[in-house]
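Data first, discussion second: the structure below is written as structure tokens.
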Amino acid sequence: QVQLQQSGAELVKPGSSVKISCKASGYTFTSYDMHWIKQQPGNGLEWIGWIYPGNGNTKYNQKFNGKATLTADKSSSTAYMQLSSLTSEDSAVYFCARGAYSGDVDYWGQGVMVTVSS
Amino acid sequence: DIVLTQSPALAVSLGQRATISCRASQSVSTSSYNLMHWYQQKPGQQPKLLIYDASNLASSIPARFSGSGSGTDFTLTINPVQADDIATYYCQQSRELHTFGAGTKLELK
């Protein structure tokens, strides 16, 4: 069965960077987009971008250009998102999710809570 | 950017019909597909795909959920509403990049 296992919660300092992971199993990792979505506490969902692990192509929400960097390691079926120059506005739960044919996302990771605090 | 507008909340009685709407700032339909999708999210959980391409039921989703619409106006219907359906519902478009609506919180009347 399809599973997306994300890394654990992070407590990071303002101005620093963090890299979170999403390990995929149960399907061919290189054949599907991997999306990343942000959810601030009590708020809705915000699309960050996607990566196609098959060739490394990426597409970002313009708002996250320079903030988020998406990569993927085919050998370990793991997708990564690095967030840089962190501020309190980056405190949120971050989900990875598999992209399906029409651009819907059909499987989601459990989410990673990133807290930015000094 | 395509903006999706949802009502913040909807109060419904158990066993009744719930109709949740989503309006897009421009068409999200192509000649072949209506690129609007619906998700359910309960507190502390990841979202779950309910409906894709406006009207197709995702795997393992009960038939009391249905979707309709095209162009800029879309609807998610739950009939009849069960206690387990109390959650927040999001629409999402994939016509131009991806955006989500702000969510509609389904509450008990």
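The residue that is nearest to the other protein chains (Cβ to nearest Cβ), among those in segment A:38-62 that are small (Gly, Ala, Ser), surrounded by fewer than 21 Cβ atoms within 10 Å (Cβ to Cβ) and touching a strand residue (DSSP E or B) at 6+ places or on another chain (Cβ under 8 Å), is A:GLY44.
Restricting A:THR69, A:THR115, A:THR58 to residues that are in a strand (DSSP E or B) and farther than 19 Å from B:HIS98 by Cα narrows the list to A:THR115. Restricting attention to segment B:12-36 and to residues that are hydrophobic (A, V, I, L, M, F, W, C) and in contact (Cβ under 8 Å) with a residue 60 or more places away in the chain, the residue that is nearest to the other protein chains (Cβ to nearest Cβ) turns out to be B:LEU35. Given B:TYR90, B:TYR39, which one is in contact with a Lys or Arg (Cβ under 8 Å, 6 or more places away or on another chain), within 14 Å of chain A (Cβ to nearest Cβ) and assigned to a strand (DSSP E or B)? From the options B:TYR90, B:TYR39, the qualifying one is B:TYR39.
Residues that are closer than 28 Å to B:VAL3 by Cα and exposed (fewer than 13 other Cβ atoms within 10 Å of the Cβ) do not occur anywhere in segment A:28-37. Residues in segment A:63-98 that are exposed (fewer than 13 other Cβ atoms within 10 Å of the Cβ) and within 16 Å of A:ILE20 (Cβ to Cβ): A:SER76, A:SER85. Scanning segment A:90-108 for residues that are in contact with a strand residue (DSSP E or B) (Cβ under 8 Å, 6 or more places away or on another chain) and either in a loop (DSSP other than H, G, I, E, B) or hydrophobic (A, V, I, L, M, F, W, C) (or both) yields A:SER91, A:ALA92, A:VAL93, A:PHE95, A:CYS96, A:ALA97, A:ALA100, A:SER102, A:GLY103, A:ASP104, A:VAL105, A:TRP108. Screening segment B:42-51 for residues that are farther than 18 Å from A:VAL2 by Cα and touching a strand residue (DSSP E or B) at 6+ places or on another chain (Cβ under 9 Å) and picking the one that is farthest from the other protein chains (Cβ to nearest Cβ) gives B:LYS42. Among the residues of segment B:81-107, just one is exposed (fewer than 14 other Cβ atoms within 10 Å of the Cβ) and touching a strand residue (DSSP E or B) at 6+ places or on another chain (Cβ under 7 Å), namely B:GLU107.
Taken over segment A:87-118, the residue count meeting the criterion of being under 26 Å from A:ASN57 (Cβ atoms) and more than 7 Å from chain B (Cβ to nearest Cβ) is 12.
For segment B:57-80, does any single residue satisfy the condition of being within 13 Å of another protein chain (Cβ to nearest Cβ), modelled with pLDDT of 95 or more, assigned to a strand (DSSP E or B) and surrounded by fewer than 19 Cβ atoms within 10 Å (Cβ to Cβ)? Within segment B:57-80 (the criterion being within 13 Å of another protein chain (Cβ to nearest Cβ), modelled with pLDDT of 95 or more, assigned to a strand (DSSP E or B) and surrounded by fewer than 19 Cβ atoms within 10 Å (Cβ to Cβ)), the answer is yes, since at least one residue qualifies.
The values are calculated or read from the model by the stated rules, or taken from the named source; none is laboratory data. Values in this document were obtained by computation on a predicted structure and should not be read as measured data. We place every Cβ from the backbone using ideal geometry, glycine too, and count neighbours over all the protein chains shown.
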